[in-house]
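> After the structure tokens below, expect a handful of questions from me.
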Amino acid sequence: MRLTFDDEAESFRAEFAAFLEANLPTEAEAAERSRSTGHLPEWARRWQRLQFDAGWLLPGNPPEYGGRNATVVQRYVHLEELSRRRIFHSFNPQGVGIIAASLLSFGSDEQKRRWAVPILRAEMTAALGMSEPGAGSDLASLRTRAQLSDDRSHFTVNGQKVWTSGAHDADVLLTFVRTDPEAPKHKGISVLLIPTDSPGVTRRPFASFTGPEDKDFNEVFFEDVKVPAENLVGPRGEGWRVANGSLGHERTLMWLGDAGRMSDLLRDFRPSTPLEEDWYATLVMDRQALTLLGTAALARAARGETDVPSLSVLKVLGSEASQQALERALEATGPEGLIHPTRSAPYHHMSFDDAFASWFHRYARSFGGTIAGGTSEIQRGIIARRVLGLPRG
């Protein structure tokens, strides 16, 4: 298998690298840190806006939406270059990678103008309101209700969301609601854009088990919240299709995030015993296997072929291999690995602070990779039924 790229792709990479060298914020400029995935310090807003204006924020988008109509291979080298340098191009990753992308796919022209472009240009931030108590990975079981008014001018929303990353700092929530309680579970779901300053919206951030200072998660409560009907994204009752699109954007390249975390760990940890060398070698092999499988998926996408179910293999391999390796690293460092807060790697001002936090913190955060975007259990079900052709048990 050839893992090199043609002259066009390498020229694209060189142009992007030159942009980074000329424009990357300095460590001093990035002194104020992002406190959640819905919070953008002013320097991070300027950085994201600069990328948008230059076409480097999401290169696969057309220029009016922060891109340059890049091919899938060009998008790959763009993300590879960011990962290699430990750079986050947006500190509101769900807003840029999921919510704005969903609006560009399913929203009206007015929604693109009013919401998608401001999110992409860092003029506002967004959070994703999917999970609920009792409806985490099973989105079809959600119970947040949105009742359309008799004059069809607005929806009234009541219910609760949980694990809503960055909601307390976000300006708007892309919220999945049930608009037809009598329809089958997958058929009665719709999607609303709900500004977080709407009367009746309450956001309660809570700490993760990495420590009381790690407050990204939120409970969000909706009590008789009035949402204009024009904030409906896509057709009423077609929320399941929007959800699949929301989690499917850039799915061909999502494995690069896990590959990057595995590469970071290979740089940050040095084995000192035969046992540590053994698991370190396993990580090297897992990283290479993920790269080979991911590159094969990339080649299929470049040829215009679609094989979405097989991407579940990449999701399971990448998220679980990196989690297992981080567990081994934590074990190897012993009691010192539990010291928190501290650093397990050199400081990188263009990364989220999680990327170089304590070994305990990094291991604890790895569980998000096996949950978000579809749990490992869900992915294994997809692999069993749609890749291997096994019958339902």
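The values are calculated or read from the model by the stated rules, or taken from the named source; none is laboratory data. Keep in mind that this is a model prediction, so the values were computed, not measured. Don't worry about glycine lacking a Cβ; one is built from the backbone with ideal geometry, like all the others, and counts go over all protein chains shown. Side chains included, ligands, DNA and RNA excluded: accessible areas come from the protein's heavy atoms. Shrake-Rupley method; radii C 1.70, N 1.55, O 1.52, S 1.80 Å.
> On alpha-carbon atoms, Rg over Rh for the chain using Kirkwood Rh?
On the way: Rg = 21.1 Å, Rh = 22.1 Å.
Taking Rg over the Kirkwood Rh, I get 0.96.
> State the extension gain, in nm to one decimal, for the chain segment bounded by Ala229 and Arg85, taking 0.36 nm per residue of separation less the distance between their alpha-carbons.
Numbers: separation 144, 0.36 × 144 = 51.84 nm, distance 4.33 nm.
Stretched fully, the Ala229-Arg85 segment lengthens by 47.5 nm.
> Which order do the peptides 312-318, 107-113 take when ranked by the mean count of other beta-carbon atoms within 10 Å per residue, highest first?
Numbers: 312-318: 22.3, 107-113: 14.7.
Going by the mean number of other Cβ atoms within 10 Å, highest first, we get 312-318, 107-113.
> Separate question: What does segment 1-81 give for Rg and for Dmax, in Å, if only its C-alpha atoms count?
14.3, 44
> Please give, to one decimal in nm, the separation of the simple spin-label points placed at Ala31 and Thr4, each 7 Å out from Cα toward the Cβ.
About 4.6 nm, to one decimal.
> Hey, any idea what % of the chain's accessible area is carbon plus sulfur with a 1.4 Å probe? Display every interim value, and only then the final one.
Details: 9790 of 18360 Å².
On the chain, the fraction of accessible area on carbon and sulfur atoms equals 53 percent.
> Taking R0 as 45 Å, what FRET efficiency do you get between Glu123 and Leu338 from their Cβ-Cβ distance, rounded to the nearest 0.05? Spell out each step's value before the answer.
Numbers: r = 41 Å, r/R0 = 0.91.
The formula returns an efficiency of 0.65 here.
> Under a no-solvent Debye model with one identical scatterer per Cα of segment 86-159, what's log10 I(q)/I(0) at q = 0.16, 0.24, 0.28 Å⁻¹?
-0.78, -1.08, -1.10
> List residues of segment 354-382, by number, whose backbone nitrogen lies under 16 Å from a label position 7 Å along Cα→C-beta of Phe209.
360-372, by backbone N distance to the label point.
> Pop the C-beta distance of Arg270 and Ser11 into the FRET formula with R0 = 41 Å and round what comes out to the nearest 0.05.
Details: r = 36 Å, r/R0 = 0.87.
Efficiency for this residue pair is about 0.70.
> Also: In nm, to one decimal, how far is the modelled label at Thr71 from the one at Glu110, with both set 7 Å along Cα→Cβ?
4.0 nm
> Once Rh for segment 55-126 is found with the Kirkwood sum over Cα pairs, what is the Stokes-Einstein diffusion coefficient at 20 °C and 1.002 mPa s, in µm²/s?
Values: Rh = 12.4 Å.
Translational D for this selection: 173 µm²/s.
> So, one more: Ranked highest first by average number of other Cβ atoms within 10 Å, how do 125-132, 375-382, 155-162 line up? Please report the intermediate quantities before stating the final value.
Details: 125-132: 26.9, 375-382: 16.5, 155-162: 20.5.
Descending mean neighbour count gives 125-132, 155-162, 375-382.
> For the pair His186 and Asp150, how long in nm is the line joining their label points, each one 7 Å along Cα→Cβ?
Computed distance between label sites His186 and Asp150 equals 3.6 nm.
> Compute the semi-axes of the equivalent ellipsoid of segment 152-225, taking the square root of 5 times each eigenvalue of the Cα gyration tensor, and list them largest first in whole Å. Walk me through the intermediate numbers first.
Working: eigenvalues 132, 43, 17 Å².
Listed largest to smallest, the semi-axes of segment 152-225 are 26, 15, 9 Å.
> Please give the Cα centre distance for segment 318-393 versus segment 30-99, rounded to the nearest Å.
Here the answer is 23 Å between Cα centres.
> Let me ask you something else. Zone of Arg380 (label point 7 Å along Cα→Cβ, backbone N under 13 Å): which residues in segment 289-325?
316-317, 320
> Beyond 26 Å between alpha-carbons counts as too far, so tell me which of Lys187/Lys226; Lys185/Lys226; Lys187/Lys215; Lys161/Lys187; Lys161/Lys226 fall in that bin.
On the way: Lys187/Lys226 23 Å; Lys185/Lys226 24 Å; Lys187/Lys215 34 Å; Lys161/Lys187 20 Å; Lys161/Lys226 17 Å.
Listed pairs above 26 Å: Lys187/Lys215.
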